[in-house]
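First up is the structure itself, then whatever we jot down about it.
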Amino acid sequence: MANHETDDAMIQRADAFARARLSDKRYGHTQRVAETAERLASLHGLDTYRTRLAALLHDAARETGAEEFLRISEEWDMPVGQPERESPMLLHGPVAAELARRDLGVEDEEVLKAIRVHTTGAPDMGPVALAVFVADAIEPGRNYPSVARLRDLAEEDLREVAAEALRRAIAHNEERSRETHPASQEALRWLEDSGY
Ligand SMILES: [Fe+2]
Ligand SMILES: [Fe+2]
């Protein structure tokens, strides 16, 4: 990658940005996602710098309130769908991506997309988005029945684990008669169309 001094400086700024905006608990999660995502990136031959940067910023807006999400989205002309109106917390990825762009000067679209779509997944997720999506689901602090299986799969193939995580999330929603976000359904269709 280009300039390592600059890369290091950006990583430090992103880390400080997340630290300043998050409780100890969520900052701890952020650090574990960053470690996990970077490890997955190096295991699968992806760009470790861009992956770590996106992971450090993915939840930077996670502690913003519902009203504030809607206000910011309007102020910044961001699209707000029906699911987001009902659960404004779904906007924490898109708002964090916009903060990264505005406050930290992140212009790398793949990094911004990884931050934007980390909650729901999306079709055409690139390698950085896949690594962050998967790391968010399997970081060492996560503890749910299928996490061990997802951790094993993550060693092999990030698309496979993303597909499996989405199938499980959709099944979980169906058991509770909850709707699945359209972006998650589209993400799974995209992966299944490629044979996952
Ligand atoms: Fe999140
Ligand atoms: Fe997260």
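The values are calculated or read from the model by the stated rules, or taken from the named source; none is laboratory data. In this text, all values refer to a predicted model and were calculated from it rather than measured experimentally. Ideal geometry is used to build each Cβ from the backbone, glycine not excepted, and the neighbour counts take in all protein chains shown. Just the protein is used for accessible areas: all its heavy atoms, side chains included, with ligands, DNA and RNA removed. Shrake-Rupley method; radii C 1.70, N 1.55, O 1.52, S 1.80 Å.
Details
- Selection status of GLU63, of a type in the set (Asp, Glu), over 19 Å from ALA154 (Cα atoms) and within 15 Å of ligand 1 (Cβ to nearest atom): yes
- Test: residue in the range 35-55 that is free of Cβ contacts under 8 Å to residues at least 40 places away in the same chain and within 13 Å of ligand 1 (Cβ to nearest atom): no
- Test: residue in the range 134-142 that is touching a Lys or Arg at 6+ places or on another chain (Cβ under 6 Å), of a type in the set (A, V, I, L, M) and closer than 27 Å to GLU67 by Cβ: no
- Taking every residue in the range 84-104 that is open to solvent by less than 10 Å² (accessible area, probe 1.4 Å) and pairing it with any residue that is of a type in the set (S, T, N, Q) and away from ligand 1 (no atom under 14 Å from the Cβ), at least 6 positions away or on another chain, the pairs with Cβ-Cβ distances below 9 Å are LEU91/SER73; VAL95/SER73.
- ASP103 touching a helix residue (DSSP H, G or I) at 6+ places or on another chain (Cβ under 9 Å), more than 23 Å from ALA20 (Cβ to Cβ) and away from ligand 2 (no atom under 15 Å from the Cβ): no
- Listed here are the helices (runs of 4 or more DSSP H) enclosed by the range 1-89 that have at least 3 residues being among the hydrophobic types (A, V, I, L, M, F, W, C): 4-21, 24-43, 48-57, 66-75.
- Qualifying position, being over 23 Å from ALA41 (Cα atoms) and assigned to a helix (DSSP H, G or I), among GLU179, GLU186: GLU186
- Qualifying residue in the range 57-78 (condition: closer than 26 Å to GLY28 by Cα, open to solvent by 40 Å² or more (accessible area, probe 1.4 Å) and in contact (Cβ under 8 Å) with a residue 24 or more places away in the chain): yes
- Candidate set from the range 160-196 (those that are more than 25 Å from PRO83 (Cα to Cα) and in contact (Cβ under 8 Å) with a residue 24 or more places away in the chain); member that is surrounded by the fewest Cβ atoms within 10 Å (Cβ to Cβ): SER194
- Leading residue by the ranking (farthest from ligand 2 (Cβ to nearest atom)) among those in the range 109-151 that are among the acidic types (Asp, Glu) and touching a helix residue (DSSP H, G or I) at 6+ places or on another chain (Cβ under 6 Å): GLU110
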